[in-house]
Amino acid sequence: MKNVILTALLSVIAVVSGYVEELDDKFNEYRRNELWLVEFYAPWCTYCHTFEPIWYEVGAELKSLGSPVNVGKMDTTLHTNIASELNIRGYPTIKLFKGDLSFDYKGPRTKDAIIEFTNRVSGPVVRPLSSVQLFQHVMSRHDLIFVYIGGESFLKNEYYKAATEYIVYTYFFSASVKVLPKAVTLQDVPVVAVFKDGTYYLYNESNGNLSSWINRERFPSYFQIDSFSLYQMGEQSKFVALAVVDEKNPSEESIRYKTLMERLSTEYRDHYKSDYQFGYMDGNEYINGLIMGEVVMPSIIVLNMTIDGYFLPESKIETIEDLLLFLNRVLDGSATLLGGNGYLQCTKRAFFKAKSTVVFMFQTAPVFSCFVVGLPVGVVVMVIWGTCTAVPVDDEKPEEGATASPGKKAKELQPDNTEKTSEAKKED
């Protein structure tokens, strides 16, 4: 009840203060002339109700920072044409509109993460680094950045195209050779570099096209992976090797698994960089939903996000040699693939997700969930009750020559054959 009151209060404050604007069909007329960050929601969506206070905080924060970005929200059940035009499939969906372009937000539903995305995407696609001090400042703030080094070239044009596509995930910069750190040595320019993991890597044509290389390199070699970054990895062709651990109660085995994964990501980077993304995940809730079972913590698991498949080691992982053997068996096809996207698995997953959604709804908003679930159930019950209790219409036709006088039923004027027979007998 307190959450409902707080949400309602925040709604009033946000609307009155102008932090968040409720949008309508006229949005298409002016969105190309302004910067807009918009949440598309549905009134029946429990996730949207849970997310609502965070969205108002985003609007207030951007307003206080003097951001040129307007913040709005749109009910897609009322404005179905715009929702269809923008291909809104899930709720809540967050988009940033910048001229004729729109950018989907795919990160965590937190205020800080959304504001970081907004500031990154609303600014220049490629930002110039004009001094050594500015370069160092950017490096201190970001774990991973892409930098184009050099003057005008065909590579620069390709870099700007790729930056427009991947700006939703990370930052893109340009610089001259003279502002680079002294540790950076280049054989030739122009070139594109990614700075991550405390070092840097250079793009060359043997890595494939630039856009594909950026897509592969936009993650650190090893990092804490959450459900949002794991979902993004479905766009890649890499396996995801995870140590699933409990960070709140770390055990000796958890620390060993994390250490093994981190060692692999650095010592065997060149060998596995095209095949594996390494990381660890705190908690097993998301993995349990993915495999529709329970992964014991701590454990090692390899995911194939393109087909929702997974691999589990058949024996305990004790050393880095054990882990290498397991990863190589996945690559050569000798490890057993579990899960997948077959018809039976898709049906089971749809049922599992529906069940999980209903449970989450009742846990977070029981009153609203009872209304949402109870209303259609009540309608169905009423229809069934009405059908079962309806009085059937007598479809017997009157005999020829019989007429019904006003106020009398045809049945009253038409006694059945048994009655006629007895009357005839009396007359006899």
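Going through (1) in contact with a strand residue (DSSP E or B) (Cβ under 6 Å, 6 or more places away or on another chain); (2) surrounded by 14 or more Cβ atoms within 10 Å (Cβ to Cβ) one by one, residue 247 falls short only on (2).
Among the residues of region 186-209, those identified as among the aliphatic types (A, V, I, L, M) and either crowded, with 18+ Cβ neighbours inside 10 Å or in a strand (DSSP E or B) (or both) are 191, 192, 193, 194, 202. Across region 251-274, the number of residues qualifying as surrounded by fewer than 17 Cβ atoms within 10 Å (Cβ to Cβ) and in contact with a Gly (Cβ under 8 Å, 6 or more places away or on another chain) comes to 0. Quick check on region 60-75. Is at least one of its residues more than 26 Å from residue 146 (Cβ to Cβ), in contact (Cβ under 8 Å) with a residue 24 or more places away in the chain and touching a His at 6+ places or on another chain (Cβ under 7 Å)? No, region 60-75 has no match at all. The residue that is modelled with the lowest pLDDT, counting only those in region 230-258 that are hydroxyl-bearing (Ser, Thr, Tyr) and assigned to a helix (DSSP H, G or I), is 231. Based on what the data block shows, is residue 305 within 17 Å of residue 229 (Cβ to Cβ) and among the aliphatic types (A, V, I, L, M)? Yes, satisfied. A single entry from 135, 154, 172 fulfils the requirement of being more than 20 Å from residue 38 (Cβ to Cβ), over 28 Å from the mean Cα position of the chain (by Cα) and surrounded by 14 or more Cβ atoms within 10 Å (Cβ to Cβ): 135.
Only a single criterion out of (1) at positive phi; (2) free of Cβ contacts under 8 Å to residues at least 12 places away in the same chain; (3) in contact with a helix residue (DSSP H, G or I) (Cβ under 9 Å, 6 or more places away or on another chain) is not satisfied by residue 333, namely (3). Count of region 334-344 residues, restricted to those that are part of a loop (DSSP other than H, G, I, E, B) and hydroxyl-bearing (Ser, Thr, Tyr), is 2. Taking the criterion of being outside any helix (DSSP H, G or I) and aromatic (Phe, Trp, Tyr), the residues of region 213-229 that qualify are 219, 222, 223.
Among the strands (runs of 3 or more DSSP E) confined to region 275-333, there are none with at least 3 residues that are crowded, with 19+ Cβ neighbours inside 10 Å and among the hydroxyl-bearing types (Ser, Thr, Tyr).
The values are calculated or read from the model by the stated rules, or taken from the named source; none is laboratory data. Fair warning: this is a prediction, and the values are worked out from it, not measured in the lab. Note: ideal-geometry Cβ built from the backbone for every residue, glycine included; neighbour counts use all protein chains shown.
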